[in-house]
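Take a look at the structure below.
The values are calculated or read from the model by the stated rules, or taken from the named source; none is laboratory data. Just so you know, these numbers come straight off a predicted model, no measurement behind them. When we count neighbours, we look across all protein chains shown, and the Cβ atoms used for this are built from the backbone with ideal geometry, even at glycine. Surface areas here come from the heavy atoms of the whole protein model, side chains and all, with no ligands, DNA or RNA. Shrake-Rupley method; radii C 1.70, N 1.55, O 1.52, S 1.80 Å.
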Amino acid sequence: MRILQPLSRSGIYYRWTTAAVAAVTAACCMCGPVFASASIAINKADESVESIDAAAIFADRKSLYDQVATVTQIPWYRLAAIDQYERTLTRVHPKDRKHPERTIGIFIPPTRWTGPLNPNQEDVDPMSISVFSGIGLDGDGDGKADPNNNIDLLYTVAIRLSPYGHAADDFSIGLWSYYQNTRAVQRVMQYAKLYETFGKLDLFDHAFPLPVQSDYSYRSTFGMGRNWGGRRVHEGTDLFAHYGVPVRSTCYGVVEIKGWNKYGGWRIGIRDLNNHYHYYAHLQGFDKGISLGDVVTPGQTLGWVGSSGYGKPGTQGKFPPHLHYGIYRDTGLTEWAFDPYPLLKHWETEERRTKKKTRS
């Protein structure tokens, strides 16, 4: 079922040429949220765990989560959420959070682990760490509190959170106490919801935002100037298609926003496990089953291609129908847009390849 907004051009269809796409794109506004833009390199690890050992990696992580969950009574999916959130921070701050390769991605700075006044910032003695008010603990019983030991890391964080209780609100308070950052609390709770819902860690599949069998056209339009509502840049890629073509989730994620924006019209935003915010704008309407806070899967219908935006709620038809698709990366304190075009091409190619294999 779909919830449709009134259309002013519902009977008009377009076949897009390269020239038409370029002309319309240059006239469109920046449809994403008002965030600073920066083109940043796309790390393949952000798309998915592409190693042939991916299954083993996920199994190892799950085993560690289960071990610490048994001792601390903090559900595995919450420990997994913390670990994944920390991993996304390391990807955007590799120098500040540099650490040896290990199964767990949690990073605790030496001054916090050993204590700010500890003269030995490489201290692994649980007793002296405690004396200097460090948080590092021995989780595996080997007599050392090692900041690069997987169990020690998980156990230390879990013990910091345990006193706050296990109800969702209480756990959120514990996260705030640990991170002192509302973004961190929101992200961890979103990730925990995904892991709890699907019961697994491998949630990194993707889909193209439009059905690959539909009639559409797009090219890289990131960074182009906008001419509606003031000077801005285009923080995404425009995919031109007919009214009513399904708009699909590109990832596993949680619906973070849904509603009207004077630039993007009817728009929806989804947060994934890589801490990427996927933004879909100018929709004709939303799928009836999609609500704020819902979890979505790759390929799930979110709404339909339209021409909403550039005005008060309900404004339609000020430009030809298309989907504006943008991706933003959360750095822990701010969000930065990056060009989604390479990812779109990759997802499109992969989906076409998969369909071809299925048919043969």
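If R0 equals 30 Å, the separation of the Cβ atoms of LYS312 and ARG359 corresponds to a calculated FRET efficiency of about 0.05. With respect to the cross-link table entries LYS258/LYS357; LYS98/LYS355; LYS98/LYS193; LYS258/LYS356; LYS318/LYS345; LYS318/LYS355, which display a Cα-Cα separation exceeding 32 Å? Result: LYS258/LYS357; LYS98/LYS355; LYS258/LYS356; LYS318/LYS355 exceed 32 Å. Solvent-accessible surface of the range 288-351, averaged per residue with a 1.4 angstrom probe and all protein chains in place: 33 square angstrom. Summarising the label geometry, the points placed 7 Å from Cα in the beta-carbon direction at ASN148 and SER177 lie 3.1 nm from one another. Within the accessible area of the range 67-123, the carbon and sulfur atoms contribute 56%, probe 1.4 Å, all protein chains present.
Highest average first, the peptides 73-81, 59-67 ordered by how many other beta carbon atoms sit within 10 Å of their residues are 73-81, 59-67. Extension gain for ASP170-THR90 works out to 26.2 nm (0.36 nm per residue, less the C-alpha to C-alpha distance). The residues of the range 113-154 expose, per residue, 51 Å² of accessible area to a 1.4 Å probe. The slack in the chain from THR334 to SER291, taken as 0.36 nm per residue of separation less the alpha-carbon distance, amounts to 13.0 nm.
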